[in-house]
Amino acid sequence: AYLERAAQADNAEALRRLAYRLREAGGSKPPTAEAMAWFERAANGGDVYAMYYAGYQAYRQGNLQRAEDWMVPAAIRGDVDAMFFLASLWEDNTKGLEGDAARAAKVYESMSASEEYGARARRALSEMAIAGNGMPKDLAKARAWLEQDANAGDLESQVSLGANLLYARLGPADEAAGRRWMERAIEGKSTDAMDQFGLWLHNRGKTDADRLRGAALSRQAAEAGGVSEMNNAAWMLCVSPHAAVRNVADGMQLARKIEAMPDITPGTLDTVAACYAANNEFGHAAELQARVVAEMKRYAQPNEANI
């Protein structure tokens, strides 16, 4: 009741908290128009999280200019996630936006001096150097950025370096080095390493031992409750072509947890649908896939109309 009174007085935090409750009540379904109206009122009242969320939802709808409009004021107010999101929008060189890949690289460079999130910025710069996007392609520089922070103990940089070596994105594949970096990050309790290396072992492992370890690592990562990690584990358990890995009953437990979460992406909802199909619940699987198709028709595919 007090929250509602504060919201009626246009208190931005109260508006955002009420909007968040409405969003949570909807489970995996997109936020309602009412919830988004509350988020936008909160954003217009100065709530930074609401600005970020409104921008993210605009991105989900494929309206990248609207996403940029919301992210800019959040970034100006010092929201780091908004800064990174804004730069990631510019990386794609989408017509109609105020920034491009070269400007995104400058944003990352400006943030790379930070002790708190400099490693994150250098990882973004390394990806741009690998692709030759916004700067000349330079695999040596990309590797040097990653090794700088990986050697300093940054777990996410260790994972990124390991993955790029395993997938031959820094030159010829170096499986031995890639495995070493992934194992080092796993020793540091990185759920991202468990998730990514588990997926690699399952998909590209040469033996059942590799694939079983991959599934075990993926399950361990999923225990932390992250949507991406649960998605990958559920996919393996529900639809793996390897009988030694497949366990539909366990996969369904994860799928039901995912389905109850807000703001899951079409790709994640697709995994949930696949699990229901693997469990012979074809009617609900078809309903979920229809939602996937509907959202993919508008998901981050900008055109002149929505810019």
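Brief remarks follow.
- Test: Ala50 is aliphatic (A, V, I, L, M), under 20 Å from Arg298 (Cα atoms), open to solvent by less than 50 Å² (accessible area, probe 1.4 Å) and without any contact (Cβ under 8 Å) to a residue 60 or more places away in the chain: no
- Among all positions in region 115-127, there is at least one residue which is open to solvent by 40 Å² or more (accessible area, probe 1.4 Å) and part of a helix (DSSP H, G or I).
- Among the candidates Gly225, Gly214, the residue that is within 21 Å of Ile186 (Cβ to Cβ), surrounded by fewer than 17 Cβ atoms within 10 Å (Cβ to Cβ) and of a type in the set (Gly, Ala, Ser) is uniquely Gly225.
- The numbered conditions (1) more than 23 Å from Gly267 (Cβ to Cβ); (2) buried (at least 19 other Cβ atoms within 10 Å of the Cβ); (3) within 17 Å of the chain's Cα centre (by Cα) are all true for Ala87 except (1).
- Flag for Ala209 being under 18 Å from the mean Cα position of the chain (by Cα), farther than 14 Å from Leu166 by Cβ and not β-branched (Val, Ile, Thr): no
- Qualifying residue in region 136-156 (condition: over 30 Å from Asn93 (Cβ atoms) and under 22 Å from the mean Cα position of the chain (by Cα)): yes
This table checks each residue for (1) acidic (Asp, Glu); (2) at pLDDT 95 or above.
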position: Glu187; (1), (2): yes, yes
position: Phe197; (1), (2): no, yes
position: Trp200; (1), (2): no, yes
position: Asp208; (1), (2): yes, no
position: Gln220; (1), (2): no, yes
position: Ser240; (1), (2): no, yes
position: Asp250; (1), (2): yes, yes
position: Met261; (1), (2): no, no
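- Contacts under 6 angstrom Cβ, first residue in region 114-130 being farther than 12 Å from Glu156 by Cβ, partner assigned to a loop (DSSP other than H, G, I, E, B) and open to solvent by 50 Å² or more (accessible area, probe 1.4 Å), 6 or more apart: Ala129/Asp138; Ile130/Arg169
- Test: residue in region 134-155 that is open to solvent by 30 Å² or more (accessible area, probe 1.4 Å), under 22 Å from Val72 (Cα atoms) and not in a helix (DSSP H, G or I): yes
- Any chance Gly99 is surrounded by fewer than 21 Cβ atoms within 10 Å (Cβ to Cβ), at pLDDT 95 or above, of a type in the set (Gly, Ala, Ser) and under 19 Å from Asp154 (Cβ atoms): no
- Test for Ala244: is it open to solvent by 50 Å² or more (accessible area, probe 1.4 Å), touching a helix residue (DSSP H, G or I) at 6+ places or on another chain (Cβ under 7 Å), small (Gly, Ala, Ser) and modelled with pLDDT under 95: yes
The values are calculated or read from the model by the stated rules, or taken from the named source; none is laboratory data. Here the structure is a predicted model, which is why all the values come from computation and not from measurement. Every residue, glycine among them, receives a Cβ derived from its backbone with ideal geometry; neighbour counts consider all protein chains shown. For accessibility, only protein heavy atoms count, side chains too; no ligands or nucleic acids. Shrake-Rupley method; radii C 1.70, N 1.55, O 1.52, S 1.80 Å.
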